[in-house]
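Below is one structure, written out as structure tokens, with a few remarks after it.
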Amino acid sequence: MNNSSRAAREKWSRIIEEQRASGLTVARFCEERRIPASSFFPWRKRLKDAPAGPAFVEAKVRGVADGDGGGVTIELAGGRRVMASRGFDRDLLLEVIEALESAAGARA
């Protein structure tokens with residue numbers, strides 16, 4: 001997701017949450033904020049239907065064995081582990097974790 005898409009999602013997430021918290025109808029909220037309801041409703045649906053983003057996960061630090069090169073082991077939900085050595089490809093690791101978490105969510 002590029003930065004402008006991420007910024008738009010964050011902006012609309014805030015707007016939708018503000019409307020919920022306001023107690024106002026969508027029509028009244030949009031009227032007061034001068035937000036087109038024709039934009040509000042599609043964004044609300046898009047964000048509702050979107051898969052949840054990554055949740056906070058507690059990281060557990062364990063001792064590092066001598067000579068292992070300073071790698072890291074990431075424990076995911078369900079006891080799955082991803083191990084990466086020093087010099088790993090960050091983008092690839094993020095893709096692998098996202099795929100594993102999506103697969104776990106589909107099974108839940």
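The single condition from (1) at positive phi; (2) modelled with pLDDT under 60 that V57 fails is (1).
List pairs: first in segment 8-25 and within 15 Å of F41 (Cβ to Cβ), second among the basic types (K, R), Cβ under 7 Å, 6+ apart or cross-chain? What qualifies is I16/R44.
The values are calculated or read from the model by the stated rules, or taken from the named source; none is laboratory data. If you're wondering where the values come from, they're calculated on a predicted model, not measured in any experiment. Cβ sites come from the backbone with ideal geometry, for glycine too, and all protein chains shown count toward neighbours.
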